[in-house]
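Right, one structure below, let's go through it.
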Amino acid sequence: MATTVTRSYLGTLDPAAPYRLLGIVLGLCLLWPLLQLAQFNPLLLLDPNNIRVFGDFLIQFFPPNLQVDFLELVLTATIQTLAMATAGIALALVIAAPLGLIISYSLSISRIGPASYHPFAQSVRWLARFLMLVLRGIPEIVWALLLVRIFGLGPIAGVLAIAITYGGMLAKVYSEILESGNTLPARAILLAGGGRLAAFFYGMLPGCAQELASYTVYRWECAVRASVIMGFVGAGGLGQLMDQSMKMLNGGEVSTILIVFLGLVLLADYISLFIRKQLE
Amino acid sequence: MKIQANSEAIKTVIHSIGTEPARLYCIRCLITLGLILGLTVLSFMYLSLNPAALFTSEALSSLFGFVGRFFPPDLSDDFLRKIGAGFLETIAISALATLTAAVLSIGLALPVAGRFGLPAKVVARFMCNFLRSVPELVWAVLMVLAVGLGPFAGTLALTLHTTGVLGRLFGETLENYPPAASNALTLSGAGPIDAFLYATFPGIAPQLLSYSLYRWEMNIRMATILGFVGAGGLGQMLFYELSLLREPKASTVIIAMLLLVFLVDAISNRLRRIQMHNLG
Amino acid sequence: QNVLRISAIPDEAPTELQRKFKPLGDYLAAETGMKVEFTPVTDYAAVVESLATKKIDMAWLGGFTYVQTKIRTNGTALPIIQRVEDEKFRSVFIVPADSTVKTLPELKLKGGTIAFGSPSSTSGHLMPRYFLMQAGVNPDKDFKNIAFSGAHDATVAFVASGKADVGALNISVWDKLLESKNPNALKVKVLSTTPTYFDYNWTVRGDLDPALVKKISNAFLKLEASNPSYKELMDLQRATKYVTTKSSNYDDIEKAAQSAGLIK
Amino acid sequence: MDFSVQQLSFQHTNGVQALKNITLSAKAGECIAVIGASGSGKTSLLSILVTALKPTGGSVALNGKNPWSLSSGELKRLRSRIGLVHQAPPIPSRQRVITAILAGRLGQWPLWKSIVSLIYPLDIAGARACLERLDLSDRLFERCDCLSGGQLQRVGVARALYQAPDLLLADEPISAMDPVLSDLIISELMNEAKERKITLVASLHAVDVALRWFPRIIGVRNGEIAFDLPAEKVTQDLLKQLYSSEMGMLPMQNHPTIA
Amino acid sequence: MDFSVQQLSFQHTNGVQALKNITLSAKAGECIAVIGASGSGKTSLLSILVTALKPTGGSVALNGKNPWSLSSGELKRLRSRIGLVHQAPPIPSRQRVITAILAGRLGQWPLWKSIVSLIYPLDIAGARACLERLDLSDRLFERCDCLSGGQLQRVGVARALYQAPDLLLADEPISAMDPVLSDLIISELMNEAKERKITLVASLHAVDVALRWFPRIIGVRNGEIAFDLPAEKVTQDLLKQLYSSEMGMLPMQNHPTIA
Ligand SMILES: Nc1ncnc2c1ncn2[C@@H]1O[C@H](COP(=O)(O)OP(=O)(O)OP(=O)(O)O)[C@@H](O)[C@H]1O
Ligand SMILES: Nc1ncnc2c1ncn2[C@@H]1O[C@H](COP(=O)(O)OP(=O)(O)OP(=O)(O)O)[C@@H](O)[C@H]1O
Ligand SMILES: [Mg+2]
Ligand SMILES: [Mg+2]
């Protein structure tokens, strides 16, 4: 008999079942107060009066505003937006790539073994984690106000605000992508004495490149839509235009900008597809 | 004779691959890389960015002056009580919105990844693109009109936008994941949903979880729209205090938000560790 | 220095900001001989920060924003000029056309939702809040929800759709909406109009060259709506004439902000 | 389930001709071993039978019907009756053993049952019975990344057994097993085939095992059928030819594996 | 490289005691085969030698030094001198064969070289030479997901050969190989060991191969060393005991694999 195995499951009951049941009950218990706090009431959606108001409002979106001077405004804003988003993401990558590589457990040499918990490696990792948390945890508006003091109103502050907040988010997501994939190839390289970067390039990148690219392109798309930050610092661009038109309830302008947004999102989708095909 | 035939076959194979495949392969990825780099440089040039301004002494002193005004945080009882309420409301709205969106997105991910054929893919993708190209603010206005001011409108607005985001991210994750395991099930007659649940989901679950939790963090910070719909929440409080230039109060809110983000990060780590490889 | 950097708070007709300030910018450029750079923003605080750190030279501020800027710059920022209309500015409270509320104090009993514009708006938040409190209504306690619609037009839309029970906005926007027969404006009625106060002004940073400041205020003072060559510019600014202003005009607003608890 | 392939050829997308000109058929209840050198096309052949690959030439018939002309519903039903033990177990490492085994029968289960089984496995007894046959029942609720190589391979076999297919294909099902276990696995596969009168096709590297257990042996070489004979007719010479080709050298004398 | 382990025990995080009380040592240049039933702990033992797992009890010494008390730089250097052929090749499926092989020497290369090699492989000749020894050189530029099971395993072996380590560990390096190829691979591994005077430890299921090639055989049973003898001293009885344990039955008579 196999003496190494101390547990034997002779019953026909799934040993995980009690935990799962507990989990489900606990989840439901948590859900109830949430629903109360959020005043959750889907029936409101069906209220005829609401539907009428809603419909009246939607009508204002037609037709889109196609006046030439407005379109010109939109066009320059689009170009500006694309440039700012690209620059912002490029800088964000500069922040995110090293941080992401540092904190990813799958590339951690000191965790092979189980874990000898090298104090230096551990503290660097904690530091990086904390830095990341601060970068993305402090709201954009605070970064924006801070940068305005240094650079004044305009695109530089906007681009940097994007770079900082997105850098923190990208780093987190990158590290999690690296941990979620198949980590065995990277581990094998670390075991053969390879360094962290070597293990990343040879062990993780082939499997994760597509996912990393997908997410980066998505983030770029977010930067295109980043109305909030850009507006705060007067960096202009589509997002700010949208904010303004919406607050003024100018339906025609809103729908024109929406169409441009949709176009850009489709473009991002295509770029993502293209890059992922290249990485196939 | 057979050996000869064999080496013939080998030769044709080598031929079909090309004489210098090592170079051939990478020209494509180099071109892509070059294109991306070029566009990035162009963006910087268009914006004429010069981040060097960051390091002038004047900039630094004004930076410290700004940061200094946030200390000490306002910890008066009255304000802390308000923060407490905002904390709960924020958690409720963001958690509920994220949860609903995540569930919907898992449903959307299959068609988005093309598991139900091309027409379904096109429709689902367009839906995701549309949902997320409409900014949160616009959804907020629409939802206010549909269900009235209050946290529920905020929840709905966040849900709609988040569904668009997660639907795309989940879908692409699904596409990027190696199909071997799910193909194996399809080959034994399982349907696309079965194959997803039993073969792909365990593999991508950490990634999906990571995306959902990251999105939760984002939703916690969605300041503008929550204020817009008349639902307090931390984001709105921060915006309010900053507008009134009351930095000590703002800094208390920031600390509360950081705590919340820290909490989410810790939960995320915990949940993911449970799922990960048990290799150490 | 040969660039004059100006900005404006996003209080009024922000979509039109760029278009609206173009003629004014050109005019100022011609008058001062400097290049004029205009940056619109969506956040009040950013304008204040920029003035305080000398990243912009001049800004169009609301009364309350000016008070905030004054405090932030230790009184160095200087209001120089304003429209005559700004000397006697008002806000209006609006309710849905079918509302039974007749006076401000009744709101206390009704609860419900109130819509303001932006939190740092003078006419869309500070002054209405102040006058509400004078009438014995504390918005923080007596309403279920406080919504910040972000702009005056949106406030009207909120009230018109019945999503807010009462709203407060700038009288000049209200007049404009009535004039243009805006469909939302037809669905609401005025509950009450506030007493007058000083509002918008052009403020320059404290260390701007006095000669330049003089040049700028002279340029404004020359503007007259009755002069056909300035008509378009003045219509866009919704001004008939500019007058000089001074810091002490805003002492009342500062007091109001203090008693409404918005500043210490 | 009987099958037959005619003039079958298959070319991978990178141009490698994995199979050429293969003609083969089997009746229901037959047990066949496929042997051949590495890269000779055993996996490709089994992939074609399991309808994972569509032939680029020639025809396949399963139960007399061309699977590639079936409607998708019929194809799905057909596939649920074909089981394959994959060469590398295609099991997500974070899955539990029980779930991995239950996955074998997804093609026969209604959707609700498969969803509920994710939360609470609905056929613990059935899965345990399969695992028991392979001497691994004590690992039923463990995660698959806690298993050794041979244990994981047995989970793969158990999944195919649990599927209870009419055509059971096994691609080197004993490559990670020790000799005793190898015999156990093969005997279980043969038992299954005999008891339920299903067709069994297994590709094997262990020639001795193939010869000892299987009545019919097919030798594949460079994508072609080198021989298709009853086990007792497979001679040392044939085997030498079968394996020599790729390396251009003869298998050594006295090779005990091919004893 | 010589190694020794004393009173070694290892417990996995889920509580399974994979190894207990193992004492073992080897001199530089020795060639050792580890045999044992599935789940007996062969992979665990090799993982400890390659410093992938840290013993939960007892001690390991590689070249006389405890790897777990080395500084991280020294440990990295030590690891670059130990090569492991993994039981399941840990190679990303989208990687090309050449890249997968070059990855063997990442521990010895400066960073710039590894990065440049991603774009243009800097040592095509070296990689090709390794692959040639395993009769697969024509697949050098192919992607790894275009390989058959046995071909992929050979890429794994080639990577370890390319690494040119001082201690070469091979975890069932021939499980997916046909008999002729098995002999080729093992002979190449032995050649490498002899020529460069390095230590070779291979875990094997094919007992006949182990006995034929390796001078020293270690039998592992339930995580303990059952015997550690020269090949000629390994008797049928010992083997029967070794493999019977897990299944509670004797290996069958006349088993040609254990001939
Ligand atoms: N996905 C693929 N794409 C391209 N070529 C492939 C693919 N899979 C296998 N091949 C090639 O097709 C030929 C036959 O492969 P197959 O996997 O059928 O061999 P096999 O007999 O199973 O070998 P092994 O015993 O090593 O598993 C091999 O030369 C292999 O390189
Ligand atoms: N990562 C792990 N976590 C928990 N338990 C494990 C893990 N890996 C292996 N085990 C258990 O440890 C024991 C020894 O496993 P090991 O992989 O060393 O066996 P092995 O001799 O290599 O078997 P095989 O011949 O099947 O590969 C087995 O019972 C196995 O289930
Ligand atoms: Mg194969
Ligand atoms: Mg093993």
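Here are some notes:
- Within the range E:134-150, restricting attention to residues that are more than 23 Å from D:A206 (Cα to Cα) and open to solvent by 50 Å² or more (accessible area, probe 1.4 Å), the residue that is nearest to ligand 4 (Cβ to nearest atom) is E:D145.
- Within the range D:116-150, the set of residues being of a type in the set (K, R), within 10 Å of ligand 2 (Cβ to nearest atom) and at pLDDT 90 or above is empty.
- Unique residue being more than 16 Å from ligand 4 (Cβ to nearest atom) and out of contact with any Pro (no Cβ under 8 Å at 6 or more places or on another chain) when the list is E:I119, E:I185, E:I174: E:I119
- Pairs linking a residue in the range E:138-157 that is facing chain D (nearest Cβ under 9 Å) and aliphatic (A, V, I, L, M) to a residue that is open to solvent by 30 Å² or more (accessible area, probe 1.4 Å) and more than 9 Å from ligand 1 (Cβ to nearest atom), with Cβ atoms under 7 Å and 6 or more positions apart or on different chains, are E:L152/E:P89.
- Of the residues making up the range D:212-242, those that are within 12 Å of chain E (Cβ to nearest Cβ) and either in a strand (DSSP E or B) or modelled with pLDDT under 85 (or both) number 3.
- Helices (runs of 4 or more DSSP H) contained entirely in the range B:143-227, each with at least 2 residues that are within 30 Å of A:Y105 (Cα to Cα): B:151-176, B:180-187, B:201-221
- Test: residue in the range D:151-167 that is within 14 Å of ligand 2 (Cβ to nearest atom), open to solvent by 20 Å² or more (accessible area, probe 1.4 Å) and modelled with pLDDT of 90 or more: yes
- Index of the failed condition, A:G88 passing every other in (1) in a helix (DSSP H, G or I); (2) open to solvent by 70 Å² or more (accessible area, probe 1.4 Å): (2)
- Subset of the range D:18-40 (residues that are more than 24 Å from D:A193 (Cα to Cα) and near ligand 1 (Cβ under 8 Å from one of its atoms)): D:A18, D:L19, D:A37, D:S38, D:G39, D:S40
For every residue, the table says whether it meets (1) more than 10 Å from chain A (Cβ to nearest Cβ); (2) open to solvent by less than 10 Å² (accessible area, probe 1.4 Å); (3) part of a loop (DSSP other than H, G, I, E, B); (4) modelled with pLDDT of 80 or more.
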| residue | (1), (2), (3), (4) |
| --- | --- |
| C:L4 | yes, yes, no, yes |
| C:T15 | no, no, no, no |
| C:K22 | yes, no, no, yes |
| C:D26 | yes, no, no, yes |
| C:E31 | yes, no, no, yes |
| C:T39 | no, no, no, yes |
| C:T42 | no, no, yes, no |
| C:E49 | no, yes, no, yes |
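- First in the range B:242-256 and within 14 Å of B:F87 (Cα to Cα), second anywhere and open to solvent by 20 Å² or more (accessible area, probe 1.4 Å), Cβ under 7 Å, 6 or more apart: B:T252/B:P73; B:T252/B:D74; B:T252/B:L75; B:V253/B:M237; B:I254/A:I138; B:I255/B:P73; B:A256/B:F87
- Qualifying residue in the range E:65-85 (condition: away from ligand 4 (no atom under 16 Å from the Cβ), among the hydrophobic types (A, V, I, L, M, F, W, C) and part of a strand (DSSP E or B)): yes
- Counting only helices (runs of 4 or more DSSP H) wholly contained in the range A:151-215, the ones carrying 3 or more residues that are free of Cβ contacts under 8 Å to residues at least 60 places away in the same chain occupy A:155-180, A:184-191.
- Residue within the range A:202-216 that is open to solvent by 10 Å² or more (accessible area, probe 1.4 Å), under 21 Å from B:N219 (Cα atoms) and modelled with pLDDT of 85 or more present: yes
- The range A:242-264: number of residues that are buried (at least 23 other Cβ atoms within 10 Å of the Cβ) and facing another protein chain (nearest Cβ under 8 Å): 9
- Filter result for the condition that a residue is under 14 Å from A:I189 (Cβ atoms), crowded, with 21+ Cβ neighbours inside 10 Å and more than 10 Å from chain A (Cβ to nearest Cβ), over E:I101, E:I91, E:I35, E:I82: E:I101
- Close contacts from the range E:219-238, counting a first residue that is open to solvent by 30 Å² or more (accessible area, probe 1.4 Å) and a second that is of a type outside the set (S, T, Y) and within 16 Å of ligand 3 (Cβ to nearest atom), with Cβ to Cβ under 8 Å and a gap of 6+ residues or different chains, come to none at all.
- Of the residues contained in the range B:167-185, one or more are found to be surrounded by 24 or more Cβ atoms within 10 Å (Cβ to Cβ), facing another protein chain (nearest Cβ under 9 Å) and in contact with a Cys (Cβ under 8 Å, 6 or more places away or on another chain).
- With respect to the stated conditions, C:A185 fails to be more than 16 Å from C:F93 (Cβ to Cβ) and modelled with pLDDT under 90.
- Single match in D:T51, D:T23, D:T43 (criterion: away from ligand 2 (no atom under 16 Å from the Cβ) and part of a loop (DSSP other than H, G, I, E, B)): D:T51
- Checking B:E89 against (1) within 29 Å of A:L258 (Cα to Cα); (2) touching a residue at least 12 places away in the same chain (Cβ under 8 Å); (3) under 23 Å from the mean Cα position of the chain (by Cα), the condition it does not meet: (1)
- Just one of (1) within 16 Å of ligand 3 (Cβ to nearest atom); (2) within 14 Å of chain B (Cβ to nearest Cβ); (3) not aliphatic (A, V, I, L, M) fails for D:K42. It is (2).
- Test: residue in the range B:52-59 that is open to solvent by 40 Å² or more (accessible area, probe 1.4 Å), in contact (Cβ under 8 Å) with a residue 60 or more places away in the chain and part of a helix (DSSP H, G or I): no
- Within the range E:198-210, residues that are of a type in the set (D, E, K, R) reach partners that are within 16 Å of ligand 1 (Cβ to nearest atom) with beta carbons closer than 7 Å, at six or more positions or on different chains, in the pairs E:D208/D:T257.
- Taken residue by residue, the range B:70-78 has at least one member that is assigned to a helix (DSSP H, G or I) and surrounded by fewer than 23 Cβ atoms within 10 Å (Cβ to Cβ).
The values are calculated or read from the model by the stated rules, or taken from the named source; none is laboratory data. This one's a predicted model, so the numbers in the text were calculated from it and none came from an experiment. In this analysis, Cβ positions are derived from the backbone assuming ideal geometry, glycine residues included, and neighbour counts consider all displayed protein chains. Surface areas here come from the heavy atoms of the whole protein model, side chains and all, with no ligands, DNA or RNA. Shrake-Rupley method; radii C 1.70, N 1.55, O 1.52, S 1.80 Å.
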